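S.K.: Please read through the structure below; I'll follow up with questions.
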Amino acid sequence: MKLASIDVGLKRIGVAICLSGDIVMPQDAILRKNRNQAARDVNTFLKEWEIEKLIVGLPLDAESSEEMERRIKHFVSLLELTIPVAYQDEQSSSLEAKELTQGIFRHKKDGKIDSVAAKIILERYLSTQ
C-alpha cells in the first residue's frame, strides 16, 4: 500500500512517502501561503503519487495540543480525500528531526526539517502496524 504522511505547520507542511515495504522517504515540503493553496498542493501530491492512505501527525499531550489538533483536523477537512486517513502522535518529531539533521541541513526555513518530521511520523505509524 502506498502511504504518505504530512506534518501540518502554520508555514510549511512536511511530506514523506512509503511506496512499498517500510522504506520512508521525505519529500519537498509544501510551502503554505494560505490553507486553500496548501490543501490544493497536498491533493495534487497525493494524486501524483497515487497514495492509498494518508497519515497525519497530531500533537498529543502537548500544551497547545487542543488548538493545533483543531487546526490540523480543519486542514484535513479541506482536502478532497477519497482515501482513508489515520492520525499518528507527532510528539517531539520536529525536535527529533532537528537532532537527526544537525550539521546536514543549515536549518533554513525551506521545509526539509518538516519533511524529516513527516518521515518520523510515518515510521512511527508503520512500527505500530
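The values are calculated or read from the model by the stated rules, or taken from the named source; none is laboratory data. Fair warning: this is a prediction, and the values are worked out from it, not measured in the lab. Glycine gets a Cβ as well: all are built from the backbone with ideal geometry, and neighbour counts include every protein chain shown.
S.K.: Working only within the stretch 85-112, note down all residues that are at pLDDT below 85, in contact with a Lys or Arg (Cβ under 6 Å, 6 or more places away or on another chain) and on the phi < 0 side of the Ramachandran plot.
M.R.: Phe105, the sole residue that qualifies.
S.K.: Scan the stretch 52-84 for residues that are at pLDDT 80 or above, in contact with a helix residue (DSSP H, G or I) (Cβ under 8 Å, 6 or more places away or on another chain) and within 18 Å of Ile120 (Cβ to Cβ) and jot them down.
M.R.: Within the stretch 52-84, Leu54, Ile55, Val56, Gly57, Leu58, Pro59 qualify.
S.K.: Could you count how many residues in the stretch 1-60 are of a type in the set (D, E, K, R) and in contact with a strand residue (DSSP E or B) (Cβ under 9 Å, 6 or more places away or on another chain)?
M.R.: Adding up the residues that qualify gives 9.
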